[in-house]
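Trainee: Can you read through this structure? Questions will come right after.
The values are calculated or read from the model by the stated rules, or taken from the named source; none is laboratory data. The structure presented is a predicted model; accordingly, all values stated were derived computationally and were not measured. FYI the Cβ positions are ideal-geometry reconstructions off the backbone, even for glycines, and counts take in every protein chain you see.
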């Protein structure tokens, strides 16, 4: 069975009196341990697609299956619980909690989402901070970090709950090219090391080449699927 | 829960100035309530104490119907020997609640200094009983009282200050009292002025004191007869309960027509100051309502701003799996902490303010009473009540913004710039 499956998924938004067809008849299957990229211009539906897979939104029609579970009909609480158990997120603007240190940001999902007791948390947090190369900065606050460093912390936070899938919406958009490549490299490394599926969206053609599977989107439709780096 | 509070504290400290201003507003409100309550309650209790300890007692018993005619000081509604025995039995039975009682004969008379004559209201007492029931009565009597238990002797009279001034009387002067007894016949009695008594709340009092035996002579009463009993309770805080207890006890005594023989009243029923006391209580409640409003509005305002500023953050924590209930608790914890920290500081400053007032030896005058020392106090139960109110309102006013945050759709919140 595929890790992610979308069947005839459409998503429409109401913007005042206008109905926007963000996604039209999407059919996707994504296997485990994949490194997938959604590419396309702004407004092509990349973020909407990620939101549906990430249980942050519901399709107008069609079915979405994540880890074999139909996620269409989740309540808010069920969706939040599912996300905490199976998904990790990396955001374009890093979205670290500014009042928490690097260590505490990575610790946050273990306390607030998975309720892991303190004696089991520390080793895990240090392990992931070491993996992303941020263990020396663990006591710093996000305001004291560069963009690339923040995104590395975000990667650690996304991975610390051992999710099957990490979703990254334009993770390199606010980074310079050098940092952007480093982050994508890191994600690739994490994919191999922790057997996690990474799905990220981008409109940067240089970054997209790093993906194994590339879905091209345009006007809410998948116009192309490339298998690049297996 | 510890981590929720940790994050809540960090978020409060994130906007230090705003948190400080809100907290300060709440602290000022709490200090206002504590100081106002401390001063008002102390003043009220002091006045009530003066009234009960030097004049009325906590409770009074009369023959049924006496109080409605009290301005006339009727003598046909006296309590006879049988009634006094019945009352004695009741008082003995309930000596766990009654500290002391005083038998009185109250009547009106004409007072003459052989040149001028005026009317006077007199309370005839056993001095020892009266001093036990109203121990601060002697504080109002000018001159040196060697033994409060014998503050009035037979053959002597204590006259009110304004009458003494009007008739130019002083201690040692001879006066004549002329009074009607209950049968309507007139009698006179010469007495020596022993002391002058100050009015409790101003110079308008025309109340004097004499020994009960002199009153019986003047009014031609043979045997034991009184028309008022003043009762001092062991615990004045149980006034209402003790009043009911004694009222139920007295209700067993009925006349030939089957009607109750006695009536009992509290000091509040008999003194117009009870209205002022009620107004003081109402003012204290008003100040508390103002405090509640301050807390409600300021915390609601801060929490709404906090939610609005952190929409994106709410979207993030929701996206990574934080349950709506935990998001709710995160924001309620902030309001709760703001309330409880402000409460603790406000209580400390409020109590310190009362302490400073007390050690400053501030004096004030009220009516006829001059140079009264302002002594404030506040019961721990009042502090706890105010604290609980503030904390409860802090939580309640955080509820709406917290619910709003917990119900946010992460996809909408993440789009927020």
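Trainee: Name the single residue, out of those in the range A:138-150 being within 14 Å of chain B (Cβ to nearest Cβ) and in a helix (DSSP H, G or I), that is surrounded by the most Cβ atoms within 10 Å (Cβ to Cβ).
Mentor: That would be A:150.
Trainee: Next question, about the same structure. Among the candidates B:315, B:350, single out the residue that is within 14 Å of chain A (Cβ to nearest Cβ) and in a helix (DSSP H, G or I).
Mentor: Values: B:350 fails: within 14 Å of chain A (Cβ to nearest Cβ).
Criteria check complete, one pass: B:315.
Trainee: Inspect the range B:32-43 for any residue being under 27 Å from the mean Cα position of the chain (by Cα) and assigned to a loop (DSSP other than H, G, I, E, B) and give the result as yes or no. Before the answer, list the steps.
Mentor: Start the filter on the range B:32-43 by keeping residues that are under 27 Å from the mean Cα position of the chain (by Cα), which leaves B:32-43.
In the following step, the residues that additionally are assigned to a loop (DSSP other than H, G, I, E, B) were identified as none.
No; the residues of the range B:32-43 include none that is under 27 Å from the mean Cα position of the chain (by Cα) and assigned to a loop (DSSP other than H, G, I, E, B).
Trainee: I'm checking my understanding of the structure. Among residues of the range B:180-201 that are surrounded by fewer than 20 Cβ atoms within 10 Å (Cβ to Cβ) and touching a helix residue (DSSP H, G or I) at 6+ places or on another chain (Cβ under 9 Å), which one is nearest to residue B:47 (Cα to Cα)? Steps first, answer last, please.
Mentor: Filtering the range B:180-201 for residues surrounded by fewer than 20 Cβ atoms within 10 Å (Cβ to Cβ) gives B:180-190, B:192, B:198-199, B:201.
Retained after the next criterion (residues that are touching a helix residue (DSSP H, G or I) at 6+ places or on another chain (Cβ under 9 Å)): B:181, B:187-189, B:198-199, B:201.
Numbers: B:181: 35, B:187: 38, B:188: 37, B:189: 35, B:198: 15, B:199: 13, B:201: 9 Å.
Checked the range B:180-201; the qualifying residue nearest to residue B:47 (Cα to Cα) is B:201.
Trainee: Answer with yes or no whether residue B:302 is part of a helix (DSSP H, G or I), more than 14 Å from chain A (Cβ to nearest Cβ), crowded, with 20+ Cβ neighbours inside 10 Å and over 43 Å from the mean Cα position of the chain (by Cα). Before the answer, list the steps.
Mentor: On the way: part of a helix (DSSP H, G or I): yes; more than 14 Å from chain A (Cβ to nearest Cβ): yes; crowded, with 20+ Cβ neighbours inside 10 Å: yes; over 43 Å from the mean Cα position of the chain (by Cα): no.
No; evaluated as a whole, the condition is false for this residue.
Trainee: May I pose another question? Exactly one of (1) over 24 Å from the mean Cα position of the chain (by Cα); (2) under 30 Å from residue B:141 (Cβ atoms) is unmet by residue B:372. Its number?
Mentor: Going through the list (1) over 24 Å from the mean Cα position of the chain (by Cα); (2) under 30 Å from residue B:141 (Cβ atoms), residue B:372 breaks only (1).
Trainee: Further question on the same structure: Only one of (1) in contact (Cβ under 8 Å) with a residue 24 or more places away in the chain; (2) not in a helix (DSSP H, G or I) fails for residue B:322. Which number is that?
Mentor: In the conditions (1) in contact (Cβ under 8 Å) with a residue 24 or more places away in the chain; (2) not in a helix (DSSP H, G or I), residue B:322 misses (1) alone.
Trainee: Here is a follow-up. Hey, residue B:232 hits all of (1) under 20 Å from residue B:119 (Cβ atoms); (2) touching a strand residue (DSSP E or B) at 6+ places or on another chain (Cβ under 8 Å) but one; which does it fall short on?
Mentor: Every condition holds for residue B:232 apart from (1).
Trainee: Out of the residues in the range B:394-417 that are under 19 Å from residue B:334 (Cβ atoms) and in a loop (DSSP other than H, G, I, E, B), state the one that is farthest from the other protein chains (Cβ to nearest Cβ).
Mentor: Pass one, the range B:394-417, residues under 19 Å from residue B:334 (Cβ atoms): B:394-408, B:413.
Those still in the list that are in a loop (DSSP other than H, G, I, E, B) too: B:407-408.
Working: B:407: 8, B:408: 9 Å.
Ranking the candidates gives B:408 first.
Trainee: Where residues in the range B:219-245 are within 22 Å of residue B:131 (Cβ to Cβ) and part of a helix (DSSP H, G or I), which of them is farthest from the chain's Cα centre (by Cα)?
Mentor: Of the residues in the range B:219-245, the ones within 22 Å of residue B:131 (Cβ to Cβ) are B:224-236, B:239, B:242.
After this cut, where a residue has to be part of a helix (DSSP H, G or I) as well, the list is B:236, B:239, B:242.
Working: B:236: 10, B:239: 11, B:242: 16 Å.
In this case the residue turns out to be B:242.
Trainee: Oh, and also: Among the residues in the range B:391-411, are any surrounded by 13 or more Cβ atoms within 10 Å (Cβ to Cβ), modelled with pLDDT of 90 or more and within 20 Å of the chain's Cα centre (by Cα)?
Mentor: no
Trainee: Do we have residue B:276 as more than 14 Å from chain A (Cβ to nearest Cβ), crowded, with 19+ Cβ neighbours inside 10 Å and part of a helix (DSSP H, G or I) here?
Mentor: Details: more than 14 Å from chain A (Cβ to nearest Cβ): yes; crowded, with 19+ Cβ neighbours inside 10 Å: no; part of a helix (DSSP H, G or I): yes.
Spelling it out, it is not the case that residue B:276 is more than 14 Å from chain A (Cβ to nearest Cβ), crowded, with 19+ Cβ neighbours inside 10 Å and part of a helix (DSSP H, G or I).
Trainee: Can you find a residue in the range A:101-114 that is on the phi < 0 side of the Ramachandran plot and surrounded by fewer than 18 Cβ atoms within 10 Å (Cβ to Cβ)?
Mentor: Residues of the range A:101-114 that are on the phi < 0 side of the Ramachandran plot, as a first pass: A:101-114.
The next check asks that each one be surrounded by fewer than 18 Cβ atoms within 10 Å (Cβ to Cβ); those that pass are A:114.
Yes; the residues of the range A:101-114 include at least one that is on the phi < 0 side of the Ramachandran plot and surrounded by fewer than 18 Cβ atoms within 10 Å (Cβ to Cβ).
Trainee: Follow-up. Would you check which residues across the range B:140-160 are assigned to a helix (DSSP H, G or I) and crowded, with 17+ Cβ neighbours inside 10 Å and list them? Lay out the reasoning, then the answer.
Mentor: From the range B:140-160, those assigned to a helix (DSSP H, G or I) are B:140, B:148-150; that's our starting set.
Residues satisfying the conditions are B:140, B:148.
Trainee: Picking from B:137, B:87, B:122, which residue would you name as being under 16 Å from residue B:213 (Cα atoms) and either surrounded by fewer than 18 Cβ atoms within 10 Å (Cβ to Cβ) or assigned by TED's automatic domain parsing to the domain that holds residue B:187 (or both)?
Mentor: On the way: B:137 fails: under 16 Å from residue B:213 (Cα atoms); B:87 fails: under 16 Å from residue B:213 (Cα atoms).
That would be B:122, the only listed residue that is under 16 Å from residue B:213 (Cα atoms) and either surrounded by fewer than 18 Cβ atoms within 10 Å (Cβ to Cβ) or assigned by TED's automatic domain parsing to the domain that holds residue B:187 (or both).
So that you can scan it fast, the table gives a plain yes or no per residue for (1) touching a residue at least 12 places away in the same chain (Cβ under 8 Å); (2) within 24 Å of residue B:18 (Cβ to Cβ):
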position	(1), (2)
B:336	yes, yes
B:342	yes, yes
B:346	yes, yes
B:352	no, no
B:357	yes, no
B:362	yes, no
B:376	yes, no
B:382	yes, no
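Trainee: Mind listing whichever residues of the range B:222-233 are within 19 Å of residue B:63 (Cβ to Cβ) and surrounded by 20 or more Cβ atoms within 10 Å (Cβ to Cβ)? Full working, then the answer.
Mentor: Of the range B:222-233, the ones within 19 Å of residue B:63 (Cβ to Cβ) are B:222-231.
Within the range B:222-233, B:225, B:226, B:227, B:228, B:229, B:230, B:231 meet the criteria.
Trainee: Looking at residue A:153, is it away from every other protein chain (no Cβ under 14 Å), crowded, with 22+ Cβ neighbours inside 10 Å and either modelled with pLDDT under 90 or within 14 Å of residue A:90 (Cβ to Cβ) (or both)?
Mentor: Values: away from every other protein chain (no Cβ under 14 Å): no; crowded, with 22+ Cβ neighbours inside 10 Å: yes; either modelled with pLDDT under 90 or within 14 Å of residue A:90 (Cβ to Cβ) (or both): yes.
No, not satisfied.
Trainee: Counting only residues that are surrounded by 15 or more Cβ atoms within 10 Å (Cβ to Cβ) and facing chain A (nearest Cβ under 10 Å), which one in the range B:11-26 is farthest from the chain's Cα centre (by Cα)?
Mentor: B:11
Trainee: Go through (1) surrounded by fewer than 19 Cβ atoms within 10 Å (Cβ to Cβ); (2) part of a helix (DSSP H, G or I); (3) in contact with a strand residue (DSSP E or B) (Cβ under 9 Å, 6 or more places away or on another chain) one by one and return the number of the condition residue A:223 breaks.
Mentor: (2)
Trainee: Please find, among B:29, B:49, the residue that is away from chain A (no Cβ under 14 Å), touching a residue at least 24 places away in the same chain (Cβ under 8 Å) and out of contact with any helix residue (DSSP H, G or I) (no Cβ under 7 Å at 6 or more places or on another chain).
Mentor: On the way: B:29 fails: out of contact with any helix residue (DSSP H, G or I) (no Cβ under 7 Å at 6 or more places or on another chain).
Matching residue, one of B:29, B:49: B:49.
Trainee: Looking only at the range B:108-117, how many residues end up being surrounded by fewer than 23 Cβ atoms within 10 Å (Cβ to Cβ) and either in contact (Cβ under 8 Å) with a residue 60 or more places away in the chain or closer than 21 Å to residue B:155 by Cβ (or both)? Reasoning before the result, please.
Mentor: Keep residues of the range B:108-117 that are surrounded by fewer than 23 Cβ atoms within 10 Å (Cβ to Cβ), which gives B:108, B:110, B:112-117.
Remaining after also requiring either in contact (Cβ under 8 Å) with a residue 60 or more places away in the chain or closer than 21 Å to residue B:155 by Cβ (or both): B:108, B:110, B:112-114, B:117.
Summing the residues that are surrounded by fewer than 23 Cβ atoms within 10 Å (Cβ to Cβ) and either in contact (Cβ under 8 Å) with a residue 60 or more places away in the chain or closer than 21 Å to residue B:155 by Cβ (or both) in the range B:108-117 gives 6.
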